[in-house]
Amino acid sequence: MRGALMEEMQILVPVAVKSKLTETLKTTLLNEIGQNISRVEHDMAQLEFEANGKLAEQAKINIQAVAPLRAQYEAQKARMQQVKDKLNADKEHLEKLAIGAELNRQPMNRIVTVHVGDDMNALTGGEILVEDGKIIAFRN
């Protein structure tokens with residue numbers, strides 16, 4: 001049936017998800033951030049160790065190649081430091097948040113059936129509020 005008009009269509013519409021901050025969630029998130037900071041610090045120490053060894057080895061072979069290699073390690077170290085700084089900023093922000101505050105989480109999608117003539121503005125938006133893993137409210 002070529003040229004036939006569709007009467008309806010199913011589409012995915014994004015939905016915001018927010019978590020209400022509880023003591024449990026705050027503790028969990030702070031622990032996750034702490035573990036990530038430790039992991040980055042470990043990776044930075046490992047990079048430093050590897051860099052020192054490889055730079056000393058390269059210096060014996062070709063002294064001119066040391067500067068670009070050192071620059072490469074420094075750039076990688078700077079990227080890791082940026083990640084660590086962001087994690088520390090997130091930690092400080094979370095520590096200051098009051099219990100009951102709402103945190104934006106990963107958005108989800110919902111399936112909506114639309115028809116010719118539907119108001120698209122009425123379909124967008126909406127959010128789900130979660131507390132300790134349980135949905136406590138739907139909002140428009």
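Summary table below
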read-out	value
Whichever residue in region 18-31 is surrounded by 13 or more Cβ atoms within 10 Å (Cβ to Cβ) and of a type in the set (D, E, K, R) and, among such residues, is nearest to D90 (Cα to Cα)	K26
Candidates K77, K54, K84, K60, filtered to the one that is more than 21 Å from I37 (Cβ to Cβ), free of Cβ contacts under 8 Å to residues at least 60 places away in the same chain and surrounded by 14 or more Cβ atoms within 10 Å (Cβ to Cβ)	K54
Residue in region 109-124 that is surrounded by the most Cβ atoms within 10 Å (Cβ to Cβ), counting only those that are free of Cβ contacts under 8 Å to residues at least 40 places away in the same chain and not in a helix (DSSP H, G or I)	D118
Cross-chain or 6+ apart pairs with Cβ under 8 Å, region 9-23 first and more than 16 Å from G126 (Cα to Cα), then polar (S, T, N, Q)	M9/T113; Q10/T113
Residue match in region 95-105 (condition: in contact with a Phe, Trp or Tyr (Cβ under 7 Å, 6 or more places away or on another chain) and at pLDDT below 95)	no
Failed condition for R139, given (1) open to solvent by less than 70 Å² (accessible area, probe 1.4 Å); (2) among the charged types (D, E, K, R); (3) under 30 Å from M9 (Cβ atoms)	(1)
Answer from V40, V130 - the residue that is in contact (Cβ under 8 Å) with a residue 40 or more places away in the chain, outside any helix (DSSP H, G or I) and surrounded by 10 or more Cβ atoms within 10 Å (Cβ to Cβ)	V130
Qualifying positions in region 63-74 - open to solvent by less than 80 Å² (accessible area, probe 1.4 Å) and closer than 30 Å to A89 by Cβ	A71, Y73
Candidate set from region 87-108 (those that are touching a helix residue (DSSP H, G or I) at 6+ places or on another chain (Cβ under 8 Å) and not aliphatic (A, V, I, L, M)); member that is most open to solvent (accessible area, probe 1.4 Å)	E95
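The values are calculated or read from the model by the stated rules, or taken from the named source; none is laboratory data. None of these values were measured; they are calculated from a predicted model. Cβ sites come from the backbone with ideal geometry, for glycine too, and all protein chains shown count toward neighbours. The area values use the complete protein model at the heavy-atom level, side chains included, leaving out ligands, DNA and RNA. Shrake-Rupley method; radii C 1.70, N 1.55, O 1.52, S 1.80 Å.
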